[in-house]
Amino acid sequence: MSVQEMLAASKAAAPTLARASNEQKNLAITAIAELLEKASEKVIAANDLDMKNSQNKLSASLLDRLKLTEQRIKSLAAAVREVAQLTDPTGRILEEKTLPNGLQLQKLSVPLGVIGCIYEARPNVTVDIAAIAIKSGNAVALRGGSAAENTNRVLIEVIQAGLRQAGLPPQLVQTVDEYGREGAQQMM
């Protein structure tokens, strides 16, 4: 699948999430947290490969950000569960007024559609962004950088499995990591 096809699939899936209930979004988010904990060995194995590949390429601080451990995965899953506990930001009345002619106006919070995010060497951000995007009713296309490509691939599999468990299309969260810089260019 090309980057353009991938992004088109995200755009096509976005209205499904925009119409989803808070309960369905929370079901997806909590499923992601549970599946993340269950897949911790697979995530850590992929992360070990990324760490090995980045050993002489990244600074010590970037390597630390790249590293996922059992404890960091547990903390990440707990943070995802906290997102599920947040108030649903969609459909809130932000402003309301009546015009002199009697017409009533409301400004509502609504999903944007598909959000693109580019970041480096922080696989935890993959999960954080996905959870926040789901909660806010938005699809997301991610570019997490080549240093975390293996880890992000496994994390996206986990996230998409959580979406499926909640009856939502997996195309709501995708990564263009495999396309490298060209993928980021096309995404932009």
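The values are calculated or read from the model by the stated rules, or taken from the named source; none is laboratory data. Predicted model, so just to flag it, every value in this text is computed and none were measured. Quick reminder, even Gly has a Cβ in these numbers, built from the backbone with ideal geometry, and neighbours come from all protein chains shown. Remember, those area values only see protein heavy atoms, side chains included, never the ligands or the DNA or RNA. Shrake-Rupley method; radii C 1.70, N 1.55, O 1.52, S 1.80 Å.
Among all the aspartates and glutamates, which ones have a C-alpha under 13 Å from LYS42's C-alpha, if same-chain residues fewer than 8 places away are not counted? Partners within reach: ASP50, GLU70, GLU157. Surface composition of the chain: carbon and sulfur make up 52 percent of the accessible area, probe 1.4 Å.
Treating the angle as unsigned and between 0 and 90°, give the value, to the nearest 10°, between the Cα long axis of helix 40-54 and the longest Cα principal axis of the chain. Rounded to the nearest ten degrees, it is 60. Per residue, the accessible area of the chain comes to 52 Å² when a 1.4 Å probe rolls over the protein heavy atoms.
As a length-normalised measure over Cα pairs under 8 Å and 6 or more apart, the relative contact order of the chain settles at 33 percent.
Of the peptides 158-168, 142-152, the ranking by mean beta-carbon count within 10 Å, highest at the top, reads 142-152, 158-168.
For each pair in LYS67/LYS135; LYS38/LYS67; LYS25/LYS74; LYS107/LYS135; LYS11/LYS57; LYS11/LYS74, compute the distance between the two Cα atoms and list the pairs where it is over 29 Å.
LYS11/LYS57; LYS11/LYS74, as the Cα separations exceed 29 Å there.
Residues whose amide H comes within less than 5 Å of that of VAL173, counting only those at least five positions distant or on another chain, are VAL140 (H built at 1.01 Å from N in the peptide plane).
Amide H contacts for ALA166 (H built 1.01 Å from N in the peptide plane; partners 5 or more residues away or on another chain; cut-off under 5 Å): none found.
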